[in-house]
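> Please read through the structure below; I'll follow up with questions.
The values are calculated or read from the model by the stated rules, or taken from the named source; none is laboratory data. Because the structure is predicted, anything quoted here is derived from the model rather than measured. Note: ideal-geometry Cβ built from the backbone for every residue, glycine included; neighbour counts use all protein chains shown.
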């Protein structure tokens, strides 16, 4: 499985970019893809305190409400 990191769609972009592993290691990219091994490697580095964790927060669709 591949994890697609789209910084443009991150709901905390700007708030947490300074403390996100993506910006620390690569600068703010428009989009980045990580495979499972890459995502696990970042998790291990973050767990060891070597880099900040991935701060990506994906937007979710809210409930669809129809007006009367």
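> Yes or no: residue 7 within 13 Å of the chain's Cα centre (by Cα), modelled with pLDDT of 80 or more and surrounded by 14 or more Cβ atoms within 10 Å (Cβ to Cβ)?
no
> Residues being at pLDDT 75 or above and surrounded by 15 or more Cβ atoms within 10 Å (Cβ to Cβ): count how many of those fall in the stretch 20-33.
Selection size over the stretch 20-33: 4.
> Answer yes or no as to whether residue 17 is at negative phi, surrounded by 12 or more Cβ atoms within 10 Å (Cβ to Cβ), in contact with a helix residue (DSSP H, G or I) (Cβ under 6 Å, 6 or more places away or on another chain) and at pLDDT 75 or above.
Working: at negative phi: yes; surrounded by 12 or more Cβ atoms within 10 Å (Cβ to Cβ): yes; in contact with a helix residue (DSSP H, G or I) (Cβ under 6 Å, 6 or more places away or on another chain): yes; at pLDDT 75 or above: yes.
So residue 17 fits the description; yes.
> Tell me whether the stretch 34-56 contains one or more residues that are in a loop (DSSP other than H, G, I, E, B), at pLDDT below 80 and exposed (fewer than 12 other Cβ atoms within 10 Å of the Cβ).
Among the residues of the stretch 34-56, not one is in a loop (DSSP other than H, G, I, E, B), at pLDDT below 80 and exposed (fewer than 12 other Cβ atoms within 10 Å of the Cβ), which makes the answer no.
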